[in-house]
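Asks: One structure coming up, written as structure tokens, with questions to follow.
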Amino acid sequence: MRFSLAVSIVFAIICIATDFVIYKRLHKHKRLRTAHVVISTAIYLLLISVPVVLSFRHTGTHIMQYAMWALFTCASVFLPKTFYAVFLLLSNIPRLFKRKPVKYMAKAGTIIGYLLFITIWWGALVTTRQIQINEINIESDNLPESFDGYKIVQFSDLHTGTFGDNTAVISNMVANINALNPDLIVFTGDIVNNSSSELYPFIDELRKMKSKDGVISILGNHDYGDYKKWKTEADKQNNLSNLIAIQRDTLKWQLLLNQHTYIKHDKDSLLILGVENWGEPPFTTHGDLKAAMPKDDYKGFKILLSHNPKHWEMEVDKKTDIDLTLSGHTHAMQMMLSVGSKKYSPSSLRYQHWQGLYEHGKQLLYVNIGMGEVGIPMRIGAKPEITLIKLKHTER
């Protein structure tokens, strides 16, 4: 709490100082100065409204959505202005030595500020709706011949609370998935932000997903309700029970909670393992890979669904005979730059495996960067992802 208060105070000081610098800069432009005052006042009022609405007794999905967009709007204004103010101050450093200011620095700050503002809102209004289908081939001599060409579609991290009751993105996602004509659909966790009620507007759309072998899902860290204040522990547990019931009973998904299932074709089979969320602090750990493992001596192709890719590093890679692990969780921190085949993201500072396909010997990990957003309703470069995985049998 003290840390949050300190951060808020520092943020407020920076914002006020930035607006003061810009206000002084516009002393020769009365209309621009007036516009600056009006817009800044509106932004401050919007910012103040956030803790007010969050203090309401019932902070439902729409309240949380309002708070998220209000904070995002404020940040989209403050951040470009701060860059401009920094460049403006740098341009005036020569004045300390009785020299002329460097005018191009102030102009550069203006250009960067505008570009940053446009990029932020492009990421919120356009990129978040640009679903990207990534196709990968997984070859293995451990794959039964009858599963050669088997198509698995993975999607992850819906975070439905971010969409409120707007079903457009989910509807488009379902249409894209069905168009791929998958044999199996898997969902790798975080279907909501906080509450199972976030799912209600999207049930009809999600029920339209079709595949030959159905939908298999797992839970992610957000699905347990750990990021919301509940009146009682019983309310929190009831929320989780409702979330599980929606997936299993309403959506007819096969939700695996430290469990496994077999996909059978003739005499051959695939083993699908699903663990609950495995997390490093501050994320809670519910995953139990040993409990999910079958008791029989199955030697065929194994696929693990585990929300957090760090689980692969800690308990799967070189410690098991699991062939393919499918994860999500990272979102690529919703910011990614692609240069040819190279991809860069601040997510790489936290996660060794944060996007795409990784291979260690014969063991593979694929990290899907998710469909929805959490925290900020924006994606820069990191488009919402659907992954089409084609399994290929190879000879030993």
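The values are calculated or read from the model by the stated rules, or taken from the named source; none is laboratory data. Every value quoted in this text rests on a predicted model; they were computed, and no experiment measured them. Neighbour counts are summed over all protein chains in view; Cβ atoms, including those assigned to glycine, are modelled from backbone coordinates with ideal geometry.
Asks: Could you please find all residues in region 73-103 being under 16 Å from Leu26 (Cα atoms) and among the aliphatic types (A, V, I, L, M)?
Replies: Ala85, Val86, Leu88, Leu89
Asks: Within region 168-184, restricting attention to residues that are under 14 Å from Leu388 (Cβ atoms) and of a type outside the set (A, V, I, L, M), which residue is nearest to the chain's Cα centre (by Cα)? Break it down into steps so the answer makes sense when it comes.
Replies: Kept after step one, since they are under 14 Å from Leu388 (Cβ atoms), are these residues of region 168-184: 173, 176-184.
So of that shortlist, the ones also of a type outside the set (A, V, I, L, M) come out as 176, 178, 181-183.
Numbers: Asn176: 19, Asn178: 22, Asn181: 25, Pro182: 23, Asp183: 25 Å.
The qualifying residue nearest to the chain's Cα centre (by Cα) is Asn176.
Asks: I would also like to ask the following. Kindly establish whether Val275 is under 24 Å from Gln132 (Cβ atoms), buried (at least 22 other Cβ atoms within 10 Å of the Cβ) and in contact (Cβ under 8 Å) with a residue 12 or more places away in the chain.
Replies: Numbers: under 24 Å from Gln132 (Cβ atoms): no; buried (at least 22 other Cβ atoms within 10 Å of the Cβ): yes; in contact (Cβ under 8 Å) with a residue 12 or more places away in the chain: yes.
Considered against the rule, which asks whether it is under 24 Å from Gln132 (Cβ atoms), buried (at least 22 other Cβ atoms within 10 Å of the Cβ) and in contact (Cβ under 8 Å) with a residue 12 or more places away in the chain, Val275 comes out as no.
Asks: Kindly evaluate Ala75 against the criterion of being more than 22 Å from the chain's Cα centre (by Cα), small (Gly, Ala, Ser), closer than 14 Å to Thr18 by Cβ and in a helix (DSSP H, G or I).
Replies: No: the conditions fail for Ala75.
Asks: Moving to a separate point now. Tell me, yes or no, whether region 234-250 has at least one residue that is at pLDDT 95 or above and not in a helix (DSSP H, G or I).
Replies: Just the residues of region 234-250 that are at pLDDT 95 or above, to begin with: 234-250.
Then keep just the ones that are not in a helix (DSSP H, G or I); that gives none.
No, region 234-250 contains no residue that is at pLDDT 95 or above and not in a helix (DSSP H, G or I).
Asks: I'd like the full set of residues that are part of a loop (DSSP other than H, G, I, E, B) and within 23 Å of the chain's Cα centre (by Cα), limited to region 224-233.
Replies: Answer for region 224-233, where residues must be part of a loop (DSSP other than H, G, I, E, B) and within 23 Å of the chain's Cα centre (by Cα): Gly225, Asp226, Tyr227, Lys228, Lys229.
Asks: Answer yes or no as to whether Phe72 is modelled with pLDDT of 90 or more and of a type in the set (Phe, Trp, Tyr). Lay out the reasoning, then the answer.
Replies: Details: modelled with pLDDT of 90 or more: yes; of a type in the set (Phe, Trp, Tyr): yes.
For Phe72, the condition - modelled with pLDDT of 90 or more and of a type in the set (Phe, Trp, Tyr) - is met.
Asks: Mind listing whichever residues of region 381-393 are part of a strand (DSSP E or B), of a type outside the set (D, E, K, R) and surrounded by fewer than 19 Cβ atoms within 10 Å (Cβ to Cβ)? Explain how you work it out, then say what you get.
Replies: First, pick out the residues of region 381-393 that are part of a strand (DSSP E or B): 385-393.
Keeping just the survivors that are of a type outside the set (D, E, K, R) gives 386-389, 391, 393.
The answer is Leu388, His393.
Asks: Which of the following residues is of a type outside the set (D, E, K, R), on the phi > 0 side of the Ramachandran plot, buried (at least 17 other Cβ atoms within 10 Å of the Cβ) and assigned by TED's automatic domain parsing to the domain that holds Glu313: Met333, Met378?
Replies: On the way: Met378 fails: on the phi > 0 side of the Ramachandran plot.
Being of a type outside the set (D, E, K, R), on the phi > 0 side of the Ramachandran plot, buried (at least 17 other Cβ atoms within 10 Å of the Cβ) and assigned by TED's automatic domain parsing to the domain that holds Glu313 holds for just one of Met333, Met378, which is Met333.
Asks: Identify the residue in region 176-208 that is out of contact with any strand residue (DSSP E or B) (no Cβ under 8 Å at 6 or more places or on another chain) and part of a loop (DSSP other than H, G, I, E, B) and, among all such residues, is farthest from Tyr227 (Cα to Cα).
Replies: If we take residues in region 176-208 being out of contact with any strand residue (DSSP E or B) (no Cβ under 8 Å at 6 or more places or on another chain) and part of a loop (DSSP other than H, G, I, E, B), then Lys208 is farthest from Tyr227 (Cα to Cα).
Asks: Just checking, which of Ile131, Ile111, Ile185, Ile191 is surrounded by fewer than 23 Cβ atoms within 10 Å (Cβ to Cβ) and touching a residue at least 12 places away in the same chain (Cβ under 8 Å)? Even if it seems obvious, please write down each step before you answer.
Replies: Details: Ile111 fails: touching a residue at least 12 places away in the same chain (Cβ under 8 Å); Ile185 fails: surrounded by fewer than 23 Cβ atoms within 10 Å (Cβ to Cβ); Ile191 fails: surrounded by fewer than 23 Cβ atoms within 10 Å (Cβ to Cβ).
The unique qualifying residue is Ile131.
Asks: Then there's this: Which one of these does His307 not meet: (1) more than 23 Å from Pro384 (Cβ to Cβ); (2) surrounded by 24 or more Cβ atoms within 10 Å (Cβ to Cβ)?
Replies: Failing condition for His307: (1).
One line per residue, one yes/no per condition, for (1) free of Cβ contacts under 8 Å to residues at least 60 places away in the same chain; (2) more than 18 Å from Thr128 (Cβ to Cβ):
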{"position": "Leu326", "(1), (2)": "no, yes"}
{"position": "Met333", "(1), (2)": "yes, no"}
{"position": "Leu349", "(1), (2)": "yes, yes"}
{"position": "His353", "(1), (2)": "yes, yes"}
{"position": "Gln363", "(1), (2)": "yes, yes"}
{"position": "Tyr366", "(1), (2)": "no, yes"}
{"position": "Glu385", "(1), (2)": "no, no"}
{"position": "His393", "(1), (2)": "no, yes"}
